Amino acid sequence: MASKSTITIKGIKEGLVFLLDDQVDFVHLLDDLNEKLDKHGQQFNGPIVHIFIKLGSRQLEEEDKERIRAVFRRQGNLLIQSIESDPKEEAPDLASAPTLHKIVGIVRSGQTLEYDGDLILLGDVNPGGTIRCSGNVYVMGALRGTVHAGKDGNSDAIIVASLMRPTQLRIADVISRPPDEWTSSEPWMEYAFLREGTMSIDKLTSLSRQRKEVMLFKGV
Amino acid sequence: MGEAIVVTSGKGGVGKTTTSANLGTALAMMGQKVCLVDTDIGLRNLDVVMGLENRIVYDIIDVAEDRCRVGQALIKDKRFEELYMLPAAQTKDKNDISPEQVRQIIESLKPDFDYIIIDCPAGIEQGFRNAIAGASQAIIVTTPENAAVRDADRVIGLLEKNNFPSPKLIINRIRPTMVKSGEMLEIDDICQVLAIDLIGIVPDDEFVIKAANSGEPTVMNVNSRAAIAYRNIARRILGETVPLSQLDEKSGMFSKVKKFFGMG
């Protein structure tokens, strides 16, 4: 690899900016840095020059930063002011965070909705209709069909429905068929979850007690 | 320009053909120009129910394959002013005609009629796609059974996908006594699941069977309860507001008197 392309030096008013390529191997980069400083050794003699190092998207541990400082220390007049990386890209975080999809409509017999993340359905799921999600499923209507929450194995996933009359419920790899195992004839909103590997149904108001998630209220 | 309405259900045997025949006849009795189209190719029944079987010369396949003009294939029902029917072929099958061909035939009928009622075959395959191709409105027929409601739901889903904005629902063959005793699905429950507009309920009626065998649509019989229901549906199609008839309305004067005295 050409040493020129991995290290770019720019002069600014305060001193010199070293732009270090963020794609190449770190060891390779140190070699190039050594080589560059040796080559232009004379130019760096003289009064103290402030150095600002920019690493691009590369994230370095403190010990690796020290290795860079060590390289510069060999040139007495180069004083490192800062070693900076670009702010971490948020994109990969967003991808792994659960996304909430909102769908309006009725899932009728023979129709399937499949999503990564959570799903809120404003409508019913009719018998013969199916929802499959990697996260939680919230049905703001009557659930009469089949729902599979946590389809990729998330056993913490829950299924919420305004009217819980499913043909079949699945969470992770647990399959449950009412009314063989449980029945629901409650008029209030309920949710299904796994309790020690078996499907359980409870009223939605119990969810906060079961999950113990911290709620922050504004005011008072 | 006429309106083309497809009568469909998904499940077989729920009364699509009977409904088509009776609605078409009822609309014709109310002075509308009506054409019935049978798309159940290979298993045609509409002509039998209408009592027009012996007058078939050409059929819809002949029209599609240009062996005759659409006007030549139409059979006029002489009992009414303006009731015609386009029969299906009995020797071919559903794949011998394409949705596009059906659409063209329906389009060519529209200028001459007020209503074109398309009788759809059971199922959701080619026959179904043919039947809905030319229609702009759909009537779903179901019976108070779980299997029929499931299939109706499936068909509604397919219709919505094919840009039928608001299909209408007919619940056929209701037995009031069985509904009351809880042995039959309730009308409200069916409507809640299917979530489309109910345009009529038709009671189970022996006259319907008798009528189908004699080739005289039930609506022509003044004594039939189903006939009243069909006529009411036809009036609703024409835009009138007709309240849904209560199922036990027909309980007769005697029981009404009993009810009045608190004995019912």
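The values are calculated or read from the model by the stated rules, or taken from the named source; none is laboratory data. None of the values given here were measured: they were computed from a predicted structure. All Cβ positions, glycine included, derive from the backbone under ideal geometry; neighbour counts span all protein chains shown.
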List the number of the failed condition for B:Lys76; all other conditions in (1) closer than 25 Å to B:Gly13 by Cβ; (2) surrounded by fewer than 21 Cβ atoms within 10 Å (Cβ to Cβ) hold.
(1)
Of the residues B:Ile171, B:Ile105, B:Ile199, which is at pLDDT 95 or above and in a helix (DSSP H, G or I)?
B:Ile105
If B:Gly134 meets every condition in (1) touching a strand residue (DSSP E or B) at 6+ places or on another chain (Cβ under 8 Å); (2) modelled with pLDDT of 95 or more apart from one, which number is that one?
(2)
Taking into account only those residues within the range A:70-94 that are polar (S, T, N, Q) and part of a loop (DSSP other than H, G, I, E, B), which is modelled with the highest pLDDT?
A:Ser85
Is there a residue in the range A:124-139 that is farther than 29 Å from B:Lys161 by Cβ, in a loop (DSSP other than H, G, I, E, B) and not aromatic (Phe, Trp, Tyr)?
no
Selection within the range B:86-103 - free of Cβ contacts under 8 Å to residues at least 60 places away in the same chain and under 21 Å from the mean Cα position of the chain (by Cα):
B:Leu86, B:Pro87, B:Ala88, B:Ala89, B:Gln90, B:Lys94, B:Pro99, B:Arg103
Check B:Val219, B:Val193, B:Val202 and return the single one that is within 22 Å of B:Ala138 (Cα to Cα) and within 14 Å of chain A (Cβ to nearest Cβ).
B:Val193
Identify the residue in the range B:141-173 that is of a type in the set (S, T, N, Q) and crowded, with 21+ Cβ neighbours inside 10 Å and, among all such residues, is nearest to the other protein chains (Cβ to nearest Cβ).
B:Thr142
Residue pairs meeting the criteria (Cβ under 7 Å; at least 6 apart or on separate chains; first over 19 Å from B:Val193 (Cα atoms) and in the same structural domain as A:Met199 (by TED's automatic domain parsing), in the range A:148-167; second assigned to a loop (DSSP other than H, G, I, E, B) and hydroxyl-bearing (Ser, Thr, Tyr))
A:Gly150/A:Ser134; A:Lys151/A:Ser134; A:Asp152/A:Ser134; A:Asn154/A:Ser134
Of the candidates A:Gly123, A:Gly128, the one satisfying the condition of being assigned by TED's automatic domain parsing to the domain that holds A:Thr183 and surrounded by 19 or more Cβ atoms within 10 Å (Cβ to Cβ) is A:Gly128
Qualifying positions in the range B:174-191 - surrounded by fewer than 14 Cβ atoms within 10 Å (Cβ to Cβ) and in a helix (DSSP H, G or I):
B:Thr177, B:Met178, B:Lys180, B:Asp188, B:Asp189
I'm checking my understanding of the structure. Among residues of the range A:155-171 that are over 19 Å from A:Ser208 (Cα atoms) and in a loop (DSSP other than H, G, I, E, B), which one is farthest from the other protein chains (Cβ to nearest Cβ)?
A:Pro166
The residue that is nearest to B:Val202 (Cα to Cα), considering only those in the range B:6-25 that are touching an Asp or Glu at 6+ places or on another chain (Cβ under 9 Å) and of a type in the set (A, V, I, L, M, F, W, C), is B:Val14
